[in-house]
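The values are calculated or read from the model by the stated rules, or taken from the named source; none is laboratory data. In this text, all values refer to a predicted model and were calculated from it rather than measured experimentally. Because the Cβ atoms are built from the backbone with ideal geometry, glycine has one as well, and the counts that use them run over all protein chains shown. Side chains are part of the model used for accessible areas, which takes the heavy atoms of the whole protein and leaves out ligands, DNA and RNA. Shrake-Rupley method; radii C 1.70, N 1.55, O 1.52, S 1.80 Å.
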Amino acid sequence: MDLFAQLLVNGVVAGSLYALVACSFGLILGTTGTFHFAHGVVYAAGAYGAYFAAGLGLPLWAAAGVGIAGAALLGTLIEVVVYRPLRRIAASPLVILIASLGTLIVLENAIAIGFSTDAKVLEGFPRKGIVLGGVGFTTLHVTMVAVSLVLFLGLLAFLRWTRRGKAIRAVANSPEMAEIVGIDTARVFLLVFALGSAMAAPAAILIMLDRGATPDMGMDAILIAAIAVIVGGIGSVPGAALGALIIGLAQNLGVMKIPSEWQAAIAFGVLLLVVILRPRGLVGKKLRRAEI
Amino acid sequence: MRRTSFSLVALLSLIAMTVVPARAADPKSYKIGTILAMTGAGAFYGKVMSQGAQLAMEELNARGGVDGVKFELVVEDHKSGQPKEAVSAINKLVNIDRVPFVLTSYSSPTLAILPIANEHKVMLLNGGGVSPKLVNASPFLFHNRVLANYQALGVVERAKERGFKKMAMLHWNDDAGNGVRDFIVPIWKKMGGAVVADEAHPVGATDFTTQIAKIKQTQPDLLAMWTWGKDLGIAVKQARDLGFTAPIMGIDYTPDAAKIAGAAIEGQEYVTDYFNPQGDEKWTRDFSAAYRKKYGEEPEIYAANYYEGVYILAELIRAAKKKGGDYWNGQRLKAALTEIRKFPSVYGGTVDFQEDGTSLKRVALFEVKDGKPAFKRFIDIKK
């Protein structure tokens with residue numbers, strides 16, 4: 001029973017971090033149609049930005065702010081410099097995907113050149129171990145779940161109740177239609193990239209606080225996020241969060257009986273199951289043939 | 001008359017050319033290949049290993065290389081243990097750079113390049129990979145690092161001494177980690193111990209909470225880790241976070257891991273190659289001083305092993321060259337090594353190569369004190 005409770009807690013913690021990256025990746029994919037692999041390096045840049053700022057002597061909260069702002073800036077920059085020109089020449093989704101992958105690799109190595117490849121740890125979090133009824137966790141784990149929950153609810157509220165949020169939903173629904181009613185889609189795209197990038201950065205900063213970070217940290221994160229989005233259903237932010245949570249839980253609870261070396265395979269197992277049984281994702285809209 | 005004398009001279013010189021032993025044919029430079037973890041989760045290793053080799057090369061070149069022929073380093077990347085990357089690296093090294101000697105690292109990549117190295121008779125010297133599977137794996141493969149099974153042997157002996165019975169294991173899910181597990185479990189059982197948990201994780205994992213939860217459940221006396229680099233630091237930190245209180249022992253320590261684990265790694269014992277930057281021999285201290293000056297950080301065992309590797313090569317070249325002929329190839333270098341067998345070690349003492357390609361060097365028990373390794377005593381490895 002102890003083991004089950006511990007694995008449940010571990011799963012929720014892992015899942016909530018996955019959810020931050022998955023929701024932001026899903027928001028960008030659902031709105032702009034860009035399979036934004038370079039989101040992984042934007043995520044890593046958030047952590048390294050915070051690390052850099054902390055190195056200048058800023059307190060942790062301010063450093064985190066710098067990291068988040070830096071990630072938002074980088075995300076919008078990639079949209080303006082890489083994706084927008086490609087879209088203008090009507091590049092195929094495959095071309096954009098490859099450009100995104102290229103951007104990821106180049107920027108990841110740029111971080112490696114700037115900061116070297118050894119693990120960087122962010123200090124200063126009041127980290128304390130708590131053992132409750134045989135289940136161990138830390139104040140940092142609690143923070144991870146809380147930050148994830150707040151940002152997730154904040155994003156939902158923003159999309160639902162604000163003018164700009166509604167514009168995002170409109171563009172996600174149909175860019176052509178949105179344009180017809182006078183929404184500037186280019187600006188909405190920019191907003192989505194800024195928002196999504198800013199949302200992914202806290203996850204990376206929390207990971208850096210917890211276990212240190214290396215420049216290649218974004219690769220795994222983006223892989224899990226992409227799986228979560230597909231599992232949850234492309235175009236749905238709650239779906240992405242749900243997908244992330246399911247993967248986190250499945251990875252942890254799944255190894256109760258089987259050896260834990262299979263953990264990495266579990267995420268792909270979940271993906272496979274969903275793709276076979278419910279191709280549109282758990283809460284995704286039904287895909288229509290020949291959608292205009 | 002003129003004619004005959006001319007043909008006579010020509011004939012004589014022809015005979016002279018075949019009879020006089022061929023002079024040693026020097027290459028333009030001694031190009032050495034390295035296949036290291038330059039990027040990815042183990043990039044720390046690639047960094048320090050290449051720095052060690054680089055420093056040795058620069059020192060040797062500053063003294064004119066070997067008889068005026070200088071060394072040149074070609075660094076390739078196996079992306080922290082990916083066999084297919086290592087294979088394309090060795091292909092490039094043998095076909096394009098045409099190196100007869102490669103400094104290799106990690107267990108799985110080293111095993112992966114063996115067939116190609118054998119085919120092209122390229123001598124391999126490994127100063128990093130520690131899998132027991134590397135023993136006797138190829139006639140061209142040598143190790144100037146004590147393989148992990150012998151270090152693990154030191155761990156279980158120490159565990160017995162401390163009166164532990166129930167051992168849990170956490171290890172890399174690759175040739176190195178699984179190899180140590182396969183080697184040590186029967187020995188530990190013969191010593192009267194029990195293995196209560198055996199958990200593996202992928203190389204470069206960052207989340208060990210599941211494995212630790214399962215290990216904690218079994219309430220072991222000791223957690224033994226056959227895990228290296230920053231993985232070890234993260235695992236130790238997460239174990240203590242989750243309220244795991246039993247002692248942890250291992251066979252690796254890196255400053256990277258200590259930095260990540262912080263206070264959690266304090267007091268942890270481990271058995272590994274003995275390398276002390278402030279060692280008891282002058283060469284050790286000179287190396288440390290030069291390394292600190294060049295890179296602004298303290299050298300550790302991996303930098304030391306690859307530094308030492310280049311020096312061993314220099315000695316092999318000298319020995320092979322003395323015998324003349326075309327000596328700059330893997331066959332001749334390997335022959336020189338099996339003949340010399342004992343080389344000075346930058347750890348102090350010697351590197352003593354065995355029949356099976358492994359070597360004996362100083363191995364010791366350490367404890368982490370104030371985040372730094374504190375030497376406890378040398379371990380006598382019984383092979």
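Mind grabbing the interface size between B and A? I mean buried accessible area, both sides, 1.4 Å probe, in Å² to the nearest hundred. Don't skip to the end; give the middle numbers.
Working: alone 16280 and 14750 Å², together 28540 Å².
So the total buried area for this chain pair works out to about 2500 Å².
Database remark: amide H of A:Ala38 closer than 5 angstrom to the amide H of A:Leu104 (H placed geometrically; neighbours at sequence offset of 5 or more, or on other chains; Pro and chain starts carry no H).
Ranking B:Thr227, B:Leu147, B:Ile248 by Cα position along the charge dipole of segment B:139-268, where only Lys, Arg, Asp and Glu carry charges on their C-beta atoms, puts B:Ile248 farthest toward the positive end. In the elastic network of chain B, a GNM with C-alpha springs shorter than 10 Å, the most mobile of B:Trp283, B:Trp228, B:Trp172 is B:Trp283.
When you restrict to C-alpha pairs under 8 Å that are six or more residues apart and normalise by the size of chain B, the relative contact order lands at 18 percent. Seen from A:Gly114, the other residues with C-beta closer than 15 Å to its C-beta sum to a net charge of -1, counting Lys and Arg as +1 and Asp and Glu as -1.
Among all helices in chain A defined by DSSP H, which have a length of 20 Å or more along the axis from Cα atoms plus a Kyte-Doolittle mean of at least -0.5? Mind dumping the intermediate values first?
Values: long enough: A:2-32 (44 Å, 1.51); A:39-55 (24 Å, 0.78); A:60-78 (27 Å, 1.89); A:93-115 (32 Å, 2.05); A:139-161 (32 Å, 1.88); A:185-211 (39 Å, 1.57); A:217-232 (23 Å, 2.31); A:237-253 (24 Å, 1.52); A:263-277 (22 Å, 2.74).
Result, helices passing both filters: A:2-32, A:39-55, A:60-78, A:93-115, A:139-161, A:185-211, A:217-232, A:237-253, A:263-277.
Among A:Thr117, A:Thr162, A:Thr76, the largest mean-square fluctuation in a Gaussian network model of chain A (Cα springs under 10 Å) belongs to A:Thr162. Rounded to whole numbers, the Karplus 3J(HN,Hα) couplings from phi for segment B:135-145 are 5, 6, 6, 7, x, 9, 9, 10, 10, 9, 10 Hz, using 6.51 cos²θ - 1.76 cosθ + 1.60 with θ = phi - 60°, and x at Gly and Pro. Per residue, the accessible area of the protein assembly as shown comes to 42 Å², computed with a 1.4 Å probe over protein heavy atoms only. Can you classify segment A:203-277 as rounded, prolate or oblate using the Cα gyration tensor, where a ≥ b ≥ c are the square roots of its eigenvalues, rounded means a/c under 1.5, and otherwise it's prolate if a/b beats b/c and oblate if not? Taking the square roots of the gyration eigenvalues as a ≥ b ≥ c, segment A:203-277 is oblate.
Nonpolar atom fraction for the protein assembly as shown, defined as the carbon and sulfur part of the 1.4 Å probe accessible area, stands at 63 percent. Computed with every protein chain present, the accessible area of B:Arg377 is close to 90 Å² [probe 1.4 Å].
Is the shape of chain B rounded, prolate or oblate, going by the alpha carbon gyration tensor and its root eigenvalues a ≥ b ≥ c, with a/c under 1.5 for rounded and a/b larger than b/c for prolate? The shape class here is prolate.
Pop the C-beta distance of A:Ala265 and A:Arg127 into the FRET formula with R0 = 25 Å and round what comes out to the nearest 0.05. Don't skip to the answer; put the middle values down first.
Working: r = 31 Å, r/R0 = 1.24.
Approximately 0.20, to the nearest 0.05.
Taking Cα centre as origin and charging only the Cβ of basic (Lys, Arg, +1) and acidic (Asp, Glu, -1) residues, the dipole magnitude of chain B rounds to 940 debye. Remark on segment B:237-262: accessible area falls by at least 40 square angstrom from chain-alone to full-complex state for B:Lys237, B:Asp241, B:Leu242, B:Lys259, B:Ile260, probe 1.4 angstrom.
Spin-label pair B:Gln219-B:Lys165: with each label point 7 Å from Cα along the Cα-Cβ axis, the two points sit 1.2 nm from one another.
Find how much the distance from B:Asn61 to B:Glu355 grows on full extension, using 0.36 nm per residue of separation minus their present alpha carbon separation; answer in nm with one decimal.
Values: separation 294, 0.36 × 294 = 105.84 nm, distance 3.13 nm.
Stretched out fully, the B:Asn61 to B:Glu355 stretch lengthens by 102.7 nm.
Fully extending the segment from A:Arg84 to A:Leu156 would add 23.3 nm, taking 0.36 nm per residue of separation and subtracting the current Cα-Cα distance.
Under the rule of -39500 (n - 2.57) per DSSP H run of 4 or more residues, summed and divided by the residues of chain B, what mean residue ellipticity at 222 nm is obtained, to the nearest 500 deg cm²/dmol? Before the final figure, lay out each step's value.
Numbers: 12 runs with 166 residues, N = 383.
Only helices count here, giving -14000 deg cm²/dmol.
In segment B:195-231, the residues that give up 20 Å² or more of accessible area when the other protein chains are added, compared with the chain on its own (1.4 Å probe), are B:Ala200, B:Pro202, B:Thr206, B:Asp207, B:Thr209, B:Thr210, B:Gln211, B:Ala213, B:Lys214, B:Lys216, B:Gln217, B:Lys230. Which of rounded, prolate or oblate describes chain A when judged by the alpha-carbon gyration tensor and an a/c cut-off of 1.5? Because a/c hits 1.5 or more and a/b fails to exceed b/c, chain A counts as oblate. Using a Gaussian network model of chain B in which every pair of alpha carbons under 10 angstrom is joined by a spring, one finds that among B:Val102, B:Val271, B:Val195 the greatest mean-square fluctuation is at B:Val195.
Take each residue in A:241-254, count the other chain C-beta atoms within 10 Å of its C-beta, and the mean is 1.
Going by accessible surface with a 1.4 Å probe and the largest first, A:Ser116, A:Ser16 read A:Ser116, A:Ser16. Note on surface exposure: A:Ile183, B:Ile113 rank A:Ile183, B:Ile113 by accessible area, highest first, 1.4 Å probe.
Under a Cβ-Cβ cut-off of 15 Å, what is the net charge of the residues other than B:Ala197 that fall near it, where Lys and Arg count +1 and Asp and Glu count -1? Net local charge, B:Ala197 excluded: +2. Accessible area of B:Lys166 (1.4 Å probe, protein heavy atoms only, ligands and nucleic acids ignored): about 70 Å².
Rounded to the nearest 10 degrees, the inclination of helix B:301-322 to the longest alpha-carbon principal axis of chain B is 20 degrees.
What does the charge count near B:Gln217 come to, summing +1 for each Lys or Arg and -1 for each Asp or Glu among other residues with Cβ under 15 Å from its Cβ? Before the final figure, lay out the partial values.
On the way: positive: A:Lys257, B:Lys166, B:Lys214, B:Lys216; negative: A:Asp2, B:Asp198, B:Glu199, B:Asp221.
After counting each charged neighbour, the total is 0.
Residue order by solvent-accessible surface for B:Asp207, B:Asp380, B:Asp280, A:Asp210 is B:Asp380, B:Asp280, B:Asp207, A:Asp210, largest first, with ligands and nucleic acids left out and a 1.4 Å probe.
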